[in-house]
Amino acid sequence: MNIILKQPSVLPGFSLALGFTLFYFCLIVLIPLSGLFVKTSGLSWDQFWNVITDPRAVASYKLTFGASLVGALINGVFGSIIAWVLVRYHFPGRSVVDALVDLPFALPTAVAGITLTSIYASNGWIGRYLEPLGIQVAFTPLGVLVALTFIGLPFVVRTVQPVLQDLDREVEEAATTLGANRWQTFWAVVVPELWPALLTGIAMAFARAVGEYGSVIFIAGNMPMKSEITPLLIMTKLEQYDYAGATALGVVMLVVSFVLALIINLLQWWSSARHMNQ
Amino acid sequence: MSIQVDHVTKRFGTFTVLNDVNLHVQSGELIALLGPSGCGKTTLLRILAGLERPDQGRIFLQGAEVTNQRITERQVGFVFQHYALFRHMTVADNVAFGLTVKPRAQRPSAARIQEKVRELLTLVQLQAMADRYPSQLSGGQRQRVALARALAVEPKLLLLDEPFGALDAKVRKELRRWLRRLHDELHITGILVTHDQEEALEVADRVVVMHQGNIEQIGTPDEVYENPATPFVYQFLGDVNVFHGRVSHGHVGKAEHHIASSEVESLSDEHEVTFVRPHDLELSLDRTTPAQLEATVQFINGAGARVHLELESKDSAEMIAVELTRERYRELKLQPGDVVFLYPKQLQVFRVPTT
Amino acid sequence: MSLFSSTTTADKSLQWKDSITTESALVRRLLIGAASLFLTLFLLIPLMAIFTEALKHGLAAYLSSFADDDALAAIRLTLLVAAIAVPLNALFGVAAAWAIAKFDFVGKQILISLIDIPLAVSPVISGLIYVLLFGAQGWLGPWLLDHDIKIIFALPGIVLATIFVTVPFVARELIPLMQSQGREEEEAALTLGASGWQMFTRVTLPNIKWSLLYGVILCNARAMGEFGAVSVVSGHIRGLTNTMPLHVEILYNEYNAVAAFAVASLLTLLAIVTLIAKTVIERKTASHDRRKI
């Protein structure tokens with residue numbers, strides 16, 4: 001094990017710690033995950049292609065990715081505003097709000113699902129006011145959007161907030177002393193600094209939303225071709241013992257997740273590389 | 001542009017940062033605000049820039065009151081300690097920033113801005129760096145970019161907040177001479193905040209020494225160094241020996257340090273503190289007058305242009321610092337353990353309110 | 001540098017208020033208003049709704065929801081699963097953080113990225129991979145059937161899926177902290193004659209205890225609340241393989257809203273405790289060292 005050490009160290013426990021880490025991680029995560037790809041190889045390419053381009057599957061992609069993207073963008077806007085307000089302004093209850101932002105992360109998704117459903121149902125707290133306006137949220141694609149916006153909220157706030165906190169106040173002052181008004185200062189100085197973190201946050205919210213299951217299935221209504229998300233379609237196929245179909249869709253989802261994780265990693269690297277300068 | 005600071009007070013919470021400060025700066029002067037951390041110098045500078053607002057008092061620039069004027073209307077250039085460069089912009093874009101954010105009617109043409117940037121970069125000797133990013137520059141270069149950026153908007157007043165504070169000693173020395181030359185060329189009114197007395201004395205026309213929100217003394221570098229107005233100024237501007245205690249019958253100190261001086265003799269029995277600079281102490285090997293202070297040589301540091309000695313006073317066992325020329329040191333042939341007698345060539349006595 | 005240009009968070013935020021680098025009162029109010037509206041709509045109302053729905057028919061009805069055998073079985077199973085999954089993941093987190101933060105080795109960056117994989121994977125897929133491995137039609141299915149070992153639709157499957165989903169949490173808390181702490185203190189302990197174990201328990205552990213605690217609390221909250229992955233492997237057998245979130249689903253689908261929200265309220269309390277723990281621990285570590293969160 002010591003051959004892979006770049007630098008010898010006097011600290012003990014490297015072999016044990018890394019050995020256990022790799023053993024555990026391979027056993028729990030890597031081997032089962034790779035099983036998914038091996039299983040797909042049991043399908044011919046045509047079969048695989050037919051499963052993943054089935055109209056019902058395509059409709060589910062459209063809903064999953066579409067709603068995730070819109071939800072992530074909504075979070076991009078409101079998450080930035082929340083982060084800004086939390087860092088820059090003082091108001092009573094600020095620390096409570098700060099803590100509450102993580103609720104969607106800590107709350108079990110099933111709980112979020114039934115709660116949002118009951119609120120947005122036609123007799124719910126919010127739903128009853130939307131119904132007369134002709135807006136149906138629960139059991140429609142709009143409900144999917146609500147759930148995906150809810151679970152993505154912490155990501156944007158928590159990536160933008162620290163950058164905003166570290167933002168050098170002097171840079172904004174410098175812009176002001178050079179004659180820029182607040183709006184010019186914001187666009188010329190603040191936004192370029194926040195941009196990488198904001199993109200990272202949006203990408204993370206999007207990635208989380210794409211795979212989301214628990215909070216969506218209650219509110220979605222789950223009508224095939226209309227309000228059925230891809231993870232639910234996988235679940236349905238599993239319940240019908242269509243393992244091959246479930247696996248094929250699972251691979252599509254997994255590849256998308258990996259690509260998104262790669263993009264997020266690159267964004268984070270970009271963001272921290274900029275942070276290193278100066 | 002002349003500056004008038006009129007009874008300015010500023011508090012942060014219960015802490016008074018500036019306490020009824022008055023200051024007049026003439027057009028074209030380069031002033032140093034000198035003092036330790038927390039003395040209020042930076043706050044005063046920020047109030048002049050319009051970055052902070054005074055709680056009480058008024059600010060006049062060129063005779064016109066600007067206390068409530070917005071920062072963008074004051075036409076001041078501000079240089080920050082940590083440069084505050086826009087790191088996502090090139091050097092040229094940084095310098096051009098102040099011109100590009102002007103309202104369309106007042107904004108120079110793109111070609112004019114480019115030309116102006118080139119002029120300024122030439123002035124700060126960074127022509128070759130126009131397309132680099134701040135992260136690719138050294139600290140000294142960054143500070144010069146910051147200065148060029150501040151000068152681009154043709155300010156009537158240049159404010160510098162510890163501009164060389166983050167640089168290493170050698171670059172700092174170079175840059176402050178360069179700043180002095182630049183000021184002589186441009187004749188722009190300048191205020192420099194620093195905690196480095198050497199920097200203040202070398203660069204400024206006049207030095208304003210501040211302490212705990214008050215101005216202790218205003219004067220030319222010579223004046224403040226030679227005739228410090230307060231004990232604080234004395235101590236802040238160079239090494240000093242402090243003799244505490246009452247002065248009675250011409251003798252200083254609780255242990256009756258026999259330092260004789262006409263100045264001391266003229267004072268009555270009061271709580272006094274006596275200040276003597278190390279280079280103002282004369283040593284002799286024999287007692288020439290009875291009033292001399294007897295001390296033992298403890299430590300000799302002979303590295304440098306002058307020799308630094310640490311002596312222990314015989315009466316009070318206090319340490320006394322003495323600075324000699326090399327010639328005098330060779331004449332005396334001092335060794336650790338030698339007994340010497342001290343005589344101050346110059347000293348200053350301050351009354352301290354008895355506590 | 002003057003005292004008042006110092007950038008501790010406390011006086012920085014104090015100064016923003018009357019600083020020139022802030023927005024006009026109108027813009028400020030608009031932004032606070034927008035943030036409040038969004039948070040009320042998406043966080044506050046749902047939070048209130050959970051407890052309102054649970055207590056709709058009074059406290060007695062609320063409490064009787066827990067007297068049900070199936071509910072108690074679900075609570076017991078959830079506690080059991082967490083009791084197995086959380087310590088294992090904590091051990092993994094400490095081992096991984098020790099290797100990654102204190103040593104330089106080939107492939108370290110890759111390992112750091114790999115650890116986050118379970119967070120990127122859809123919970124449904126997290127369950128699916130175990131079904132493919134251990135299910136009746138899975139690779140090891142026939143062999144397991146021959147030896148009468150049940151993994152899928154049984155406790156081991158639920159535990160495995162839960163572990164998978166919560167693997168990264170402790171490690172993610174510890175790695176950045178331990179990286180920022182460096183290795184000097186451990187090296188000092190060794191030069192003073194401490195054994196490896198003494199070094200770990202008396203130097204390393206006290207330095208990371210708060211982050212470790214938060215990692216464990218977060219890991220626990222996610223383990224008890226996991227729905228998607230567990231749903232795939234559990235088989236939904238009442239009183240046997242139903243965890244609390246699955247029980248919530250069943251009750252809700254049976255239109256037993258009060259009971260569903262009653263069980264949900266327990267999970268919500270767990271989430272709230274987690275948020276409070278986070279806030280408290282962040283304050284504690286912020287005053288210990290000024291590291292940015």
Being of a type in the set (Lys, Arg), facing chain C (nearest Cβ under 8 Å) and either open to solvent by 50 Å² or more (accessible area, probe 1.4 Å) or over 18 Å from the mean Cα position of the chain (by Cα) (or both), is that true of even one residue in the range A:36-53? yes
Could you check the range C:20-84 for helices (runs of 4 or more DSSP H) lying wholly inside it with 3 or more residues that are surrounded by 17 or more Cβ atoms within 10 Å (Cβ to Cβ)? C:25-39, C:45-54
For the list (1) of a type in the set (S, T, N, Q); (2) at pLDDT below 90; (3) crowded, with 24+ Cβ neighbours inside 10 Å, I need the number of the one condition that C:Ser122 fails. (2)
Given the criteria at pLDDT below 95 and within 11 Å of chain A (Cβ to nearest Cβ), does C:Ser180 qualify? no
Tally, over the range A:256-272, of residues that are open to solvent by 70 Å² or more (accessible area, probe 1.4 Å), more than 9 Å from chain C (Cβ to nearest Cβ) and either in contact with a Phe, Trp or Tyr (Cβ under 9 Å, 6 or more places away or on another chain) or over 9 Å from A:Pro196 (Cα atoms) (or both): 4
Report yes if some residue within the range A:161-171 is free of Cβ contacts under 8 Å to residues at least 60 places away in the same chain and more than 14 Å from chain B (Cβ to nearest Cβ); otherwise report no. yes
Candidates A:Val29, A:Val10 - the one that is among the aliphatic types (A, V, I, L, M) and surrounded by fewer than 16 Cβ atoms within 10 Å (Cβ to Cβ): A:Val10
Taking the range B:89-108, which residues are more than 10 Å from every other protein chain (Cβ to nearest Cβ) and open to solvent by 70 Å² or more (accessible area, probe 1.4 Å)? B:Arg104, B:Ala105, B:Arg107
Is there a residue being open to solvent by less than 40 Å² (accessible area, probe 1.4 Å) and among the hydroxyl-bearing types (Ser, Thr, Tyr) anywhere in the range C:211-230? yes
Of the residues in the range B:48-95, those that are of a type in the set (S, T, N, Q) and on the phi < 0 side of the Ramachandran plot come to B:Gln56, B:Thr67, B:Asn68, B:Gln69, B:Thr72, B:Gln81, B:Thr90, B:Asn94
If you check B:Thr72, B:Thr90, B:Thr122, which single one turns out to be among the hydroxyl-bearing types (Ser, Thr, Tyr) and more than 28 Å from A:Leu194 (Cβ to Cβ)? B:Thr122
Take A:Leu232 and tell me if it is hydrophobic (A, V, I, L, M, F, W, C), facing chain C (nearest Cβ under 7 Å) and within 30 Å of A:Gly42 (Cβ to Cβ). no
Taking A:Ala83 and the conditions (1) among the aliphatic types (A, V, I, L, M); (2) more than 8 Å from every other protein chain (Cβ to nearest Cβ); (3) touching a residue at least 60 places away in the same chain (Cβ under 8 Å); (4) surrounded by fewer than 24 Cβ atoms within 10 Å (Cβ to Cβ), which numbered condition does it fall short on, given that it satisfies the others? (4)
Name the pairs whose Cβ atoms lie under 9 Å apart, with the first residue in the range C:16-30 and over 17 Å from A:Val189 (Cβ atoms), the second modelled with pLDDT of 85 or more and of a type in the set (Val, Ile, Thr), and 6 or more positions between them or separate chains? C:Arg28/A:Val85
Given B:Phe86, B:Phe60, B:Phe78, which one is assigned to a strand (DSSP E or B) and facing chain A (nearest Cβ under 9 Å)? B:Phe78
Please go through the range A:89-123 and pick out each residue that is farther than 24 Å from A:Ala209 by Cα and either surrounded by 21 or more Cβ atoms within 10 Å (Cβ to Cβ) or more than 8 Å from chain C (Cβ to nearest Cβ) (or both). A:Pro92, A:Gly93, A:Arg94, A:Val96, A:Ser122, A:Asn123
Exclusive hit being more than 30 Å from A:Ala205 (Cα to Cα), buried (at least 18 other Cβ atoms within 10 Å of the Cβ) and modelled with pLDDT of 90 or more, set C:Phe169, C:Phe164, C:Phe103: C:Phe103
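Results for (1) modelled with pLDDT under 90; (2) among the small types (Gly, Ala, Ser), shown as yes or no for each residue.
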position: A:Val190; (1), (2): no, no
position: A:Ala203; (1), (2): no, yes
position: A:Phe206; (1), (2): no, no
position: A:Gly214; (1), (2): no, yes
position: A:Met235; (1), (2): no, no
position: A:Asp242; (1), (2): yes, no
position: A:Leu260; (1), (2): no, no
Regarding C:Leu155, is this residue open to solvent by 60 Å² or more (accessible area, probe 1.4 Å) and either within 19 Å of C:Leu270 (Cβ to Cβ) or within 26 Å of the chain's Cα centre (by Cα) (or both)? yes
Taking the condition closer than 27 Å to A:Phe206 by Cα and either more than 9 Å from chain C (Cβ to nearest Cβ) or polar (S, T, N, Q) (or both), does A:Ser15 pass? no
Looking at the range A:137-146, is at least one residue facing chain C (nearest Cβ under 10 Å), crowded, with 18+ Cβ neighbours inside 10 Å and part of a helix (DSSP H, G or I)? yes
Pairs only if they're at least six apart or on different chains, beta carbon under 7 angstrom, first in the range B:297-324 and surrounded by fewer than 18 Cβ atoms within 10 Å (Cβ to Cβ), second hydroxyl-bearing (Ser, Thr, Tyr) and in a strand (DSSP E or B); list them, first residue then second. B:Arg306/B:Thr325; B:Glu312/B:Thr296; B:Lys314/B:Thr296
When the range C:235-281 is examined, which residues are found to be at pLDDT below 90, open to solvent by 50 Å² or more (accessible area, probe 1.4 Å) and within 11 Å of another protein chain (Cβ to nearest Cβ)? C:His236
Residues in the range B:23-47 that are over 21 Å from B:Tyr234 (Cα atoms) and open to solvent by 10 Å² or more (accessible area, probe 1.4 Å): how many? 6
If A:Phe48 satisfies all but one of (1) free of Cβ contacts under 8 Å to residues at least 40 places away in the same chain; (2) under 29 Å from C:Tyr130 (Cα atoms), what's the number of the condition it fails? (1)
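The values are calculated or read from the model by the stated rules, or taken from the named source; none is laboratory data. Small disclaimer: the values here were computed from a predicted structure and weren't measured. Cβ: placed from backbone, ideal geometry, glycine included. Neighbour counts: every protein chain shown. Just so you know, the surface numbers come from the protein's heavy atoms only, side chains and all, with ligands and any DNA or RNA stripped out. Shrake-Rupley method; radii C 1.70, N 1.55, O 1.52, S 1.80 Å.
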